[in-house]
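Read-outs: derived from the displayed coordinates by stated rules, not from any lab. Being a predicted model, the structure only gives us computed values, none of them experimental. We place every Cβ from the backbone using ideal geometry, glycine too, and count neighbours over all the protein chains shown.
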Amino acid sequence: GQSLEQPSEVTAVEGAIVQINCTYQTSGFYGLSWYQQHDGGAPTFLSYNGLDGLEETGRFSSFLSRSDSYGYLLLQELQMKDSASYFCAVRDGDSNYQLIWGAGTKLIIKP
Amino acid sequence: KAGVTQTPRYLIKTRGQQVTLSCSPISGHRSVSWYQQTPGQGLQFLFEYFSETQRNKGNFPGRFSGRQFSNSRSEMNVSTLELGDSALYLCASSFEGGRQETQYFGPGTRLLVL
């Protein structure tokens, strides 16, 4: 079956670094994406990893290891506005590239 | 470019009724996907439309249906509403729904079934 696992909640301190992990089990894997969703808002795209390695976009980085079926989102210099839910999603090539979503990780940032 | 728009934003219905939600994608986008989101749950995929054809369908009962028009606008319909259908319904568009394409989400329609 297809499934993604990510922690339900992570707590960190403002200014710190936090890593949100995502492990997946899909067939026909085609890339790992990360989306951010603030309470009451719509998901917005953060990053995409199609190949192994690290992708960096400002304070956010995302990593993928296809051999381990694992990826993570790294948030540096945490700000209060980073408090949100973070979703990993995988494109399943055996389902017409349908996006399969994790249940989301709620990031709580304390001053 | 204008973003993805969804109407209505909020809706209250009673059990047994039916509802139609509308989504207008970003101009030029031909792929529209629908998701259901409930508290503590990820996004549950409902279906995807591309060029007026349903390309993918999630594991939802037949009460959930959709369609796409020639201008790429999409509607989804839920018949015989149940209490468990209360959720945020999100629509997302992308150019062609290809494997590296980002999905752009609308603000959602929050449906409450009483």
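Numbers for the structure displayed
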| read-out | value |
| --- | --- |
| Filter result for residue B:46 (of a type outside the set (Asp, Glu), touching a Gly at 6+ places or on another chain (Cβ under 7 Å) and closer than 14 Å to residue B:77 by Cα) | yes |
| Strands (runs of 3 or more DSSP E) contained entirely in the stretch B:21-114, each with at least 3 residues that are under 23 Å from residue A:50 (Cα atoms) | B:31-37, B:43-50, B:87-94 |
| Any strands (runs of 3 or more DSSP E) falling wholly within the stretch A:6-66 and containing at least 1 residues that are more than 11 Å from chain B (Cβ to nearest Cβ), out of contact with any Ser or Thr (no Cβ under 7 Å at 6 or more places or on another chain) and of a type in the set (Val, Ile, Thr) | A:9-13, A:18-25 |
| Qualifying residue in the stretch B:28-42 (condition: on the phi > 0 side of the Ramachandran plot, surrounded by fewer than 23 Cβ atoms within 10 Å (Cβ to Cβ) and of a type outside the set (Ser, Thr, Tyr)) | yes |
| Of all residues in the stretch B:19-45 being over 18 Å from residue B:5 (Cβ atoms) and either of a type in the set (A, V, I, L, M, F, W, C) or without any contact (Cβ under 8 Å) to a residue 40 or more places away in the chain (or both), the one that is farthest from the other protein chains (Cβ to nearest Cβ) | B:39 |
| Search result, residues across the stretch A:89-105 that are in a strand (DSSP E or B), within 9 Å of chain B (Cβ to nearest Cβ) and either touching a residue at least 60 places away in the same chain (Cβ under 8 Å) or in contact with a helix residue (DSSP H, G or I) (Cβ under 6 Å, 6 or more places away or on another chain) (or both) | A:89, A:91, A:99, A:100, A:101 |
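A quick yes/no check of all residues on (1) within 14 Å of chain A (Cβ to nearest Cβ); (2) under 13 Å from the mean Cα position of the chain (by Cα):
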| residue | (1), (2) |
| --- | --- |
| B:48 | yes, yes |
| B:79 | no, no |
| B:84 | no, no |
| B:88 | yes, yes |
| B:95 | yes, no |
| B:105 | yes, yes |
| B:110 | yes, yes |
